[in-house]
Amino acid sequence: MSNFQIEAQNCANDINNALDEALSKEQFFEPYGAIPKHLLLAMRHGTLNGGKRLRPLLLRQTAAIFNVPHEQTIIAGMALEMVHCYSLIHDDLPAMDNDDLRRGQKTVHKEFDEATAILAGDNLLTLAFEILASPKDHKETELRLKLISELAKSAGACGMVGGQMLDLASENETLSLKEIDNIHAMKTGALIRASVRMGAIIGLASDRELIALTKYGELAGRAFQLADDILDETATDRQLGKTTGKDKKSGKATLVANIGVKESKVKLLEIIEQAKAALSLFGEKANSLRASVDYFGQRES
């Protein structure tokens, strides 16, 4: 295994263990009663099902530039992953992308039902901010508020939710490349950008450092989405663990649909190089982040 693969696997193991503990019935003991069993099972199904945990990895890698120990990034990484998993549960619903398969398993609404899937996503979203507000990892109130604000903005109307709305509205519409880029920056890129920025916030980055890392995060988000669109066109259902070819069938506005797979791959390499160049300020300390954006372009699932 490469250094990147070892690092990614270690991070995934840490986040999986933390999520497994956070999503156990022992953690839900509010005065109004225990969490409904069906709801908890649906949350676990949508979260503990083999995700790569790339967003927590980006957060960890960024914080490491500032010598932050890995264990001090787990809570924030877990909050990111909860928001990401909530978005996948809701995106898979019939009213959204209408998918039956996610990470090689039945989607939550297929394994349970639509109402349970909606509520499972709702609870993952609220739980993310509950754990991020905890002083367990970060005792400084101002730091916790900055992390909460960053995650909320990236997940909201000017980020992931707004991007999903624009994506749905764009079906069978002809959009400019700039409009497509904007949708991708919001729907997928915002949470990846937040992952990097949250790592920088934990690391107490200077304004100059935060600007450089923000640029990297934005470019990494573009690379991830473009690679995803290429895979939707070229990979099999088995490779991706989800239904492929859906973008073309639903008339989604993607760069691949506009310029084709070959030109999209060229564009992807350009974006990856731009992302790595944005890290010049940090020298070798940012090699892990460079490896991550390289992986985005090379991944096959």
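Observations
- Modelled spin labels at Glu26 and Arg208, positioned 7 Å past Cα toward Cβ, are 4.8 nm from each other.
- Full-extension gain in nm, His70 to Asn182, via 0.36 nm per residue minus C-alpha separation: 37.1 nm
- Among the listed pairs Lys52/Lys262; Lys37/Lys110; Lys215/Lys276, those beyond 20 Å (Cα-Cα): Lys52/Lys262
- Which of Leu88, Leu48 has the fewest Cβ neighbours within 10 Å, and the rest in rising order: Leu48, Leu88
- Mean projection of the Cα convex hull over all viewing directions, computed for the chain: 15.1 nm².
- Per-selection Rg to Rh, the stretch 1-151 - Cα, Kirkwood hydrodynamic radius: 0.98
- Modelled this way, with points 7 Å down the Cα-to-C-beta line, the labels at Leu168 and Gln9 are 4.0 nm from one another.
- Calculated [θ] (222 nm, deg cm²/dmol) that DSSP helices of n ≥ 4 give over the chain, each run adding -39,500 (n - 2.57): -21500 deg cm²/dmol
- Over 30 Å (Cα to Cα) - which of Lys139/Lys178; Lys146/Lys252; Lys146/Lys285 fall in this group: Lys139/Lys178; Lys146/Lys252
- Modelled label reach - Lys139, point 7 Å along Cα→Cβ, the stretch 57-80 residues with backbone N closer than 20 Å: 67-76
- Using the alpha carbons alone, the radius of gyration of the stretch 118-249 stands to its Kirkwood radius in an Rg to Rh ratio of 1.02.
Only the coordinates and a few stated rules stand behind these numbers; no lab work does. What you are looking at is a predicted structure, and each value in this text was computed from that prediction instead of being measured. Neighbour counts are summed over all protein chains in view; Cβ atoms, including those assigned to glycine, are modelled from backbone coordinates with ideal geometry.
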